[in-house]
Amino acid sequence: MDAIRRRILLGAAAGTLTGTGALTPMSSAEAQTANAKRTSIIVIGAGVAGLAAARQLVRAGFVVTVLEGRNRIGGRVWTDVADGVPMDIGAGWIHGPEGGNPIATLATEAKARTYLTDDDSITVADTVGSDATESTFGTGQNKFQAALASVSTRMKQSIPDESLATALGIVAPNVLTDPLSVFHLSYDLEFDTGGWLETLSARSYSNDSKYPGKDVILPDGYKAVPELLATGIDIRLNATVTAISHSDNGVVVTAGGMTFNADYCIETLPLGVHKANRVQFSPPLSASKKASINVLGMGQINKVFMIFDKSFWPTDVQYFGFQSAVRGRYNYFMNYRTFSDFNCLVTFGFGQQGAYVESLTEAQLIQDITPVLKTIFGSAATAPRRAIRTSWNSDPFALGAYSFAGVNSTSQDHVTLAKPSSSRLLHAGEHTHELYRATVHGAFLSGEREAKRIISAVSPSSAMSEPDRLFNWAESFYPDLLSPRGTTTLNQGIYTYRYYSSTNVFVGVDDKRNVLFLNAAGLLQTVGKIDDYTARIVAAGL
């Protein structure tokens, strides 16, 4: 780089030059005018839906700010650690990793370890500890499947919707008392859907879709997925949103006692938060959205992680079932030893039992579960050293586990919740996906859907220039160095550049397509031509 250009850039970094070509600091008014040229978007929620939307929008060159009420990212995807054991407090499986499931792709991109589960690796004990034979287990499963087929036939008639419990009581009352059938109703159905028989729609409980393939566990934790998505995103933690105002001119969001203005907003509040009216919308949500929020259900499922000093169970069996006298309570156990060295079992509270589990202290849980363990595994079973439960129903940022089809709901309710409230306020989240509700991939796809909606709505005149594409790629690749993201692109003389105030560095391009980097110490480097980065920029989706 010639001495004159070096002098100009170094002078600009010191703020001492104002001649032609100098990179002078902007006044406040100039900054506001320049920022107005770049579309700004607020994403509410740093769960998978919000992060998916933010990532795609950042890659498209928008200025994106994510507001998250918690002190962490991930939403209902959260890996905690106790005694060295990674525990997926929320989502625990990639359901159907084949057929293009985007979460499987992300797990690969994150280089996360995976373990393919075997649902056939299961033993099921009765209330006195005797394991069901393959024949009796199959008989119970057949009764369960036949009963659901009868319900399907019944609901094809022109009759009002009813709960699954009511429908089963009419077409196959025996399955509600047969222990093995009840076990299947709980672990196969109540766990899968998130609801419980008395609240699930007999007509719509299974009107969603699934990706093919056996479920996959991430032994080191599902956190790898949101951590990957969050790379390079401007996320404000501890920013609890309380109000959203929108008009054709933009949005105003109140969070953490502060006001945020943007051109667009994508809110990803969980269904449970919507049901509780925790956020004030102005204008209010439409009557149709409120009706869909009310008619859809929010599951109460919780987990209990039990940690032991040593294992007393068959370590090569994936799952243990129990024909519990109370449907949904401690009737299904996942064995950590099949995919790790940790002496850990995970049991659940399905349906209404999720709320019961959440009401107990750790000492009460240990007292409650230990007799079940002794029934299943015999006298060798010991009380767990730790019993750590989840608490999704009392989590103010979730207020439940995941959505399900309540009585009188249809897939159209998910479509209704996915519709934008205006040209500037959009909605995402697992409950807004009519095909893949209650799943991480549904959340991800909903976030991408709304990002694409904004991208398609923005005027082609807002398309990014080559320098902007380069700067956005560099910001995502070096998020700590080039901060804050989304800073204004300026043009002065022969230079197009961005200045990053947090680190006091410049990245620029000159009229000969040279890419320039000026560090905080005043060292100027030419780091190639724009063309040298084109392949990497395209690979990043920019």
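The values are calculated or read from the model by the stated rules, or taken from the named source; none is laboratory data. Predicted model only: the values in this text are computed from it and were never measured. Here Cβ is always computed from backbone atoms with ideal geometry, including for glycine, and neighbour counts include all displayed protein chains.
Values computed for the structure shown
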read-out	value
Condition check for LEU345: part of a helix (DSSP H, G or I), of a type outside the set (Val, Ile, Thr) and surrounded by 18 or more Cβ atoms within 10 Å (Cβ to Cβ)	no
Residue count, the stretch 234-272 (criterion: under 21 Å from GLU430 (Cα atoms) and under 18 Å from the mean Cα position of the chain (by Cα))	11
Some residue of the stretch 250-264 being hydroxyl-bearing (Ser, Thr, Tyr), surrounded by 22 or more Cβ atoms within 10 Å (Cβ to Cβ) and part of a helix (DSSP H, G or I)	no
Check on ALA104, more than 29 Å from LEU296 (Cα to Cα) and outside the structural domain of LEU229 (by TED's automatic domain parsing)	no
1 or more residues of a type in the set (Lys, Arg) and surrounded by fewer than 20 Cβ atoms within 10 Å (Cβ to Cβ): qualifying strands (runs of 3 or more DSSP E) within the stretch 480-541	524-529
Evaluation of GLY61 against (1) in a strand (DSSP E or B); (2) more than 20 Å from GLY442 (Cβ to Cβ); (3) assigned by TED's automatic domain parsing to the domain that holds GLY250 (one fails), failing number	(1)
In the stretch 111-131, residue nearest to VAL225 (Cα to Cα) [restricted to those that are touching an Asp or Glu at 6+ places or on another chain (Cβ under 7 Å) and of a type outside the set (S, T, N, Q)]	ALA112
Wholly within the stretch 377-477, helices (runs of 4 or more DSSP H) carrying at least 1 residues that are without any contact (Cβ under 8 Å) to a residue 40 or more places away in the chain and basic (Lys, Arg)	440-457
Matching residues in the stretch 231-244 - criterion: being assigned to a loop (DSSP other than H, G, I, E, B) and either at pLDDT 95 or above or of a type in the set (D, E, K, R) (or both)	ASP234, LEU237, ASN238, ALA239, THR240
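Residue by residue, here is whether (1) more than 22 Å from ILE244 (Cβ to Cβ); (2) in contact with a helix residue (DSSP H, G or I) (Cβ under 8 Å, 6 or more places away or on another chain); (3) modelled with pLDDT under 95 holds:
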{"residue": "ARG55", "(1), (2), (3)": "no, yes, yes"}
{"residue": "VAL58", "(1), (2), (3)": "no, yes, yes"}
{"residue": "VAL63", "(1), (2), (3)": "no, yes, yes"}
{"residue": "GLY69", "(1), (2), (3)": "no, no, no"}
{"residue": "VAL77", "(1), (2), (3)": "yes, yes, no"}
{"residue": "ALA82", "(1), (2), (3)": "yes, no, yes"}
{"residue": "ILE89", "(1), (2), (3)": "yes, no, no"}
{"residue": "ILE94", "(1), (2), (3)": "yes, yes, no"}
{"residue": "ILE103", "(1), (2), (3)": "yes, yes, no"}
